[in-house]
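*Asks:* Okay, here's the structure, questions in a sec.
The values are calculated or read from the model by the stated rules, or taken from the named source; none is laboratory data. Please read these numbers as outputs of a predicted model, since none were measured by experiment. Glycine also receives a Cβ, built like all others from the backbone with ideal geometry; neighbour counts cover every protein chain displayed. Keep in mind that these areas ignore ligands, DNA and RNA; they rest on the heavy atoms of the full protein, side chains included. Shrake-Rupley method; radii C 1.70, N 1.55, O 1.52, S 1.80 Å.
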Amino acid sequence: MTRLEFKTIRLKNYRQYAGEQEIDLTSRTGRLNIIQGQNGAGKSNLLNAITLCFYGEERRQDDSDEDLESLPYVTRSVLEELDDGDSLSGYIEVELGTDNPEYIFRRTFSTYRVDSGFTNQIGDLTLRRRVGSEWKEPDNPNTHLNQVLPATVSDYFLFDGEDLDAFFEEGYTDRVRDAILDVSHIELLNTSIDHLEKVQTDIERKASNLEGEAGELRDQIDELEDELEEKESELSTTKSDIESTETEIERIDRKLQDISDEVVRDLYTEREELEEDIKEKESKIEDLQKDTVELMVEAGPVVYSSEALDYTLELFNDLSDKGQIPPKIQEWFIDELVERGECICGTELSEGDEHVKHLRELQTDVSEVMEENLEGKSEIPSMKKVASGQVDQIQDRRQQIASLSDEIDSGKERIEEIKNRLKSYDIPDDVDIEALEDNREQLESQVNTLREQKGRIEKEIEDIESKIDSTRTDLHRELEKEDRHQQILKQLDFISDADAQIRDIKQSILADIRESTEENLEQYFNELIWKDEEYDITLYDDYSIAVFDPHGDNKIGSLSAGEKQVLALSFMAALTQISGFNAPILIDTPLGRISSEPKRRIAKNLPKYVEDTQITFLMTDEEYTDEVQAMMQSSLANEYLLEFDNNVTRVVSHA
Amino acid sequence: MPEESSGPRDIRIADEQHHMYQELTEDEASPFYETTKTDMFVFAMGYGFDQGLRTEITDSRRALFQIRDLSSAQDWNVRAIAVYEKEDHRVLQDKSEVYQIAVEYAHGGMDQLYKRYTSPGDFFSEISSEIIQYGTQRLADD
Amino acid sequence: MKQSDVNRLITDEVDQIEDSDVKQFIRDILAFERSKIDQNQPHFKNEYEDLIKKYTAEDDD
């Protein structure tokens with residue numbers, strides 16, 4: 001991995017650093033930068049400058065007595081000219097890159113003069129990033145910074161050496177563990193596992209919500225499909241019935257069409273007419289017969305008993321001639337007699353007496369008989385006359401009937417003839433156009449009924465199909481649920497797989513990393529420590545470290561401050577070997593706690609152990625002795641001196 | 001001495017002949033279809049007279065119709081037969097006898113008519129031919 | 001998500017995974033976690049669920 005390096009650090013009016021000052025840390029040959037300066041000269045503030053720029057905070061307390069926070073960012077000497085309420089600003093710019101600059105992180109800050117004091121303000125982090133040959137200002141500087149050196153691990157790259165001895169104080173195992181896991185990125189694996197498990201729980205919960213009713217719906221669809229099949233079969237039958245009836249109709253039509261030959265048609269027509277005619281005549285005959293019967297019934301008796309009638313009439317005429325049927329006038333004669341009171345025989349007559357009674361009886365009898373007989377005289381001849389007329393009528397009707405019968409007979413003969421003629425036309429003589437047409441009518445009506453039926457069935461089919469569709473939609477929804485269920489199960493399996501894989505990776509890497517760290521730690525420690533002893537260092541699974549001296553005693557609890565610092569430095573160096581971050585290292589006072597003798601050794605060896613990484617040491621005069629300088633010479637890239645005068649520091653190249 | 005001149009109310013015929021009247025007047029096939037019982041009786045009477053078929057009725061009798069249903073011509077037909085039968089116009093005073101004679105002729109006449117009706121042959125045409133024949137002969141005198 | 005953002009030691013191991021879906025999924029979530037290092041409690045569920053859906057949606061294996 002190509003590690004990023006600090007290219008240039010630029011300061012303007014930051015604390016001791018008045019004006020614009022630039023620290024160029026590029027080099028083609030070395031990786032080691034030394035910035036030498038006394039305590040209070042602003043050495044630690046260089047570290048602060050970087051963290052202030054990156055993370056918006058200063059982490060190191062200066063050696064001076066005053067609380068850093070209360071001091072203005074802006075160089076005090078510059079601030080002096082400020083009036084109340086005015087402000088001045090400055091900036092810190094950190095340039096990073098590999099062979100060439102790639103990132104320019106910058107943060108401005110301001111100090112306001114207020115009453116008797118000052119307030120500080122910092123601006124947002126800005127970034128210029130090289131993309132190809134252009135510099136662009138991305139919207140998210142912090143994201144980019146995060147990719148380079150996140151705040152949480154920045155302590156392993158930008159730190160104060162004098163704090164290192166505290167690293168292996170009580171509770172160090174956690175610090176060791178955190179350092180290893182964070183720097184190696186194994187912590188990412190842990191986080192992934194943790195997050196996967198949380199997601200898994202969520203998804204499992206979803207799975208339990210998906211109980212489907214797919215089975216029921218499938219049954220419903222099956223039923224409906226059976227119904228549909230039935231209906232379709234009905235429809236098919238109806239259709240074929242319609243077809244066969246229509247075929248029948250066509251057949252009739254064809255027959256009727258066959259009768260399109262003019263001659264044949266004429267014969268048919270004639271036959272039809274004859275049949276009509278015959279019907280009419282037969283009906284007429286019926287009427288005539290009825291008439292005749294009525295006449296017969298009236299005239300018959302007269303005719304049959306004509307002898308008696310004649311005799312009676314004759315008798316009455318005789319009696320009349322003989323005067324035995326007095327005229328009606330004689331009736332009043334008796335009335336007169338009674339009135340007169342005297343009969344012609346001389347008997348006295350008066351109303352009420354016997355004689356008158358008798359006469360009245362006689363009158364009645366006589367008149368009755370006379371009247372009757374008189375009636376007979378006129379009635380009988382009249383009857384005879386009427387009867388005679390009726391007989392004539394009967395005769396007439398009989399004649400009519402006879403001629404009609406004749407006509408009917410000849411009509412039937414003709415029909416027979418026609419039949420025979422038609423035979424020669426190969427048309428069955430029993431073809432009755434009327435019947436055909438009746439039949440046809442019937443069939444048409446049948447077809448209509450069937451068509452209605454067809455329509456009804458089709459509608460029923462539509463309804464069933466629509467029901468099937470909606471049930472199917474429901475089924476799909478359920479299946480989708482099932483599907484989703486399947487899907488979810490698939491997802492859960494997948495998560496399990498991924499989880500298992502990540503754990504495997506963690507297992508194997510962790511072992512490697514611990515091993516590597518242990519090895520390096522041991523190696524570095526042995527090389528850096530000034531003692532002429534070989535130590536065995538063990539890094540345990542619980543991240544505790546044992547430092548075994550040649551006697552096998554674990555010295556971890558009894559290391560001196562210097563020794564702890566060395567151990568810590570070794571550890572930091574070991575970390576770079578397993579690091580997932582490609583950031584440069586900057587250490588303030590790396591050898592701070594170490595006494596002079598070991599310093600030499602460390603100074604000589606330390607650069608070796610952080611290969612590929614740019615290191616910048618901020619050293620005091622006591623650390624950076626001539627001897628140390630000499631030992632580091634071959635690895636040196638840049639040397640700077642912090643000249644502190646009048647509360648102002650100037651960075652001076654110390655080539 | 002004149003007898004009761006009111007006479008019987010109904011024409012009463014033999015029980016056994018009722019079905020004949022029924023058939024002849026109610027069968028569609030009968031030429032006398034839809035003829036009234038009264039007219040049928042008169043016809044049978046005339047026919048029976050012509051054929052000389054006066055027959056006593058020995059069995060029980062039942063009314064066929066009321067005498068007042070006869071038309072006056074039909075009534076004179078009845079009287080004429082009675083007068084002829086008795087050769088005396090004074091029979092007319094005995095209405096019972098008059099109708100008795102009528103009934104007995106009708107009885108014989110209906111028997112014959114029914115026989116002819118139920119036998120093969122064109123009953124209608126035969127009867128009507130007869131009537132025409134007699135009619136033209138006997139009534140032509142006027 | 002640059003591969004190089006995650007420690008080579010890890011990415012080399014991830015490369016060894018046979019199942020390509022699982023492999024790519026792990027790469028994606030690690031890259032995601034790497035990008036969220038400084039965040040205290042980043043929202044991860046949506047990202048994870050989307051990725052899981054993505055890699056289980058295909059019909060292979």
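*Asks:* Taking Cα atoms, how many degrees apart are the long axis of helix A:330-340 and the longest axis of chain A, rounded to 10 and kept between 0 and 90?
*Replies:* Between helix and principal axis, roughly 80 degrees.
*Asks:* At a 1.4 Å probe, which residues in the stretch A:268-308 are at least 20 Å² less accessible with all protein chains present than in their chain isolated?
*Replies:* Buried by the other chains: A:Gln289, A:Lys290, A:Val293, A:Met296, A:Val297, A:Pro301, A:Val303, A:Tyr304, A:Ser305, A:Ser306, A:Glu307, A:Ala308.
*Asks:* Still on this structure, please answer the following. Could you report the stretch A:542-638's accessible area per residue, 1.4 Å probe, as an integer in Å²?
*Replies:* 34 Å²
*Asks:* For C:Phe44, list long-range residues whose amide hydrogen, built 1.01 Å from N in the peptide plane, is under 5 Å from its own amide hydrogen.
*Replies:* Here the answer is none, since no amide H 5 or more places off falls under 5 Å of that of C:Phe44.
*Asks:* For the protein assembly as shown, what is the calculated [θ] at 222 nm in deg cm²/dmol (nearest 500), taking -39500 (n - 2.57) for each run of four or more DSSP H residues and dividing by its residue count?
*Replies:* Computed mean residue ellipticity for the protein assembly as shown: -20000 deg cm²/dmol.
*Asks:* Let me ask you something else. With every protein chain kept in place and ligands, DNA and RNA left out, what is the accessible area per residue of the stretch A:110-190? Probe 1.4 Å, answer in Å².
*Replies:* Accessible area per residue: 48 Å².
*Asks:* Suppose we compare each residue of the stretch A:152-200 in its chain alone and in the full protein complex with a 1.4 Å probe; which ones drop by at least 50 Å² of accessible area?
*Replies:* Correct list: A:His185, A:Leu188, A:His195, A:Val199.
*Asks:* Based on the Cβ-Cβ distance of A:Asp504 and A:Ala166, what FRET efficiency does E = 1/(1 + (r/R0)^6) give at R0 = 30 Å, to the nearest 0.05?
*Replies:* Once rounded, the FRET efficiency stands at 0.25.
*Asks:* Could you check the spin-label model distance between A:Asn100 and A:Leu82? Points 7 Å from the Cα along Cα→Cβ, value in nm.
*Replies:* Each label point lies 7 Å from its Cα, and together they span 3.9 nm.
*Asks:* Something else now. Within chain A, what whole-number % of the accessible surface is contributed by carbon and sulfur, with the 1.4 Å probe and all protein chains included in the calculation?
*Replies:* 41 percent
*Asks:* Computed FRET efficiency, Cβ-Cβ of B:Glu34 and A:Lys357, R0 60 Å: what is it to the nearest 0.05?
*Replies:* E between B:Glu34 and A:Lys357, to the nearest 0.05, is 0.75.
*Asks:* Provide the per residue accessible area, probe 1.4 Å, for the stretch B:74-142, rounded to a whole number of square angstrom.
*Replies:* 41 Å²
*Asks:* Rounded to the nearest 10 degrees, what's the angle between the helix A:214-258 long axis and the longest principal axis of chain A, both from Cα atoms, 0 to 90?
*Replies:* Roughly 40 degrees, rounded to the nearest 10.
*Asks:* Now a separate question. Label point 7 Å out from A:Gln38 along Cα-to-Cβ: which residues of the stretch A:560-599 have amide N under 18 Å?
*Replies:* Flagged as within label range: A:589.
*Asks:* Sequence-distant or interchain residues sharing an amide H contact under 5 Å with A:Phe617, placed H: which?
*Replies:* A:Asn33, A:Ile34, A:Ile35, A:Ile587
*Asks:* Sorted by accessible area (1.4 Å probe), largest first, how do A:Ile602, A:Ile556 line up?
*Replies:* Correct descending sequence by accessible area is A:Ile556, A:Ile602.
*Asks:* Further question: Indicate, rounded to the nearest 5 percent, the antiparallel portion of the DSSP beta bridges found entirely in the protein assembly as shown.
*Replies:* Counting DSSP beta bridges with both partners in the protein assembly as shown, the antiparallel share is about 75 percent.
*Asks:* Turning to a different aspect of this structure: Report the Stokes-Einstein translational diffusion coefficient (µm² s⁻¹, integer) for chain C, Rh taken as the Kirkwood radius over Cα pairs, at 10 °C with viscosity 1.306 mPa s.
*Replies:* Estimated via Stokes-Einstein, D reaches 128 µm²/s.
*Asks:* Something else now. How large are Rg and Dmax for the stretch A:193-293 when only the alpha carbon atoms are used, in Å?
*Replies:* Expressed in Å, the Cα Rg and Dmax of the stretch A:193-293 come to 38.5, 124.
*Asks:* What is the interface area between chains A and B, defined as buried accessible area summed over both chains with a 1.4 Å probe, reported in Å² to the nearest 100?
*Replies:* 3600 Å²
*Asks:* Could you work out the local net charge near A:Leu127, counting Lys and Arg as +1, Asp and Glu as -1, over the other residues with Cβ closer than 12 Å to its Cβ?
*Replies:* Around A:Leu127, the surrounding residues sum to 0.
*Asks:* From the phi of every residue in the stretch A:163-178, what ³J(HN,Hα) in whole Hz does the Karplus formula 6.51 cos²θ - 1.76 cosθ + 1.60 yield, where θ is phi - 60° and glycine or proline is x?
*Replies:* Karplus values, whole Hz, x for Gly and Pro: 7, 4, 4, 6, 4, 9, 6, 3, x, 5, 4, 5, 5, 4, 4, 4.
*Asks:* If r is the Cβ-Cβ distance from A:Glu225 to A:Asp497 and R0 is 45 Å, what FRET efficiency results, to the nearest 0.05?
*Replies:* Efficiency, from the Cβ-Cβ distance: 0.65.
*Asks:* If you don't mind, another one. Counting pairs of Cα atoms in chain A, how many percent are more than 39 Å apart?
*Replies:* Here the tail beyond 39 Å accounts for 68 percent of pairs.
*Asks:* So, one more: Please report the net charge: other residues with Cβ closer than 10 Å to the Cβ of C:Lys45, K and R +1, D and E -1.
*Replies:* Residues close to C:Lys45 contribute a combined charge of -3.
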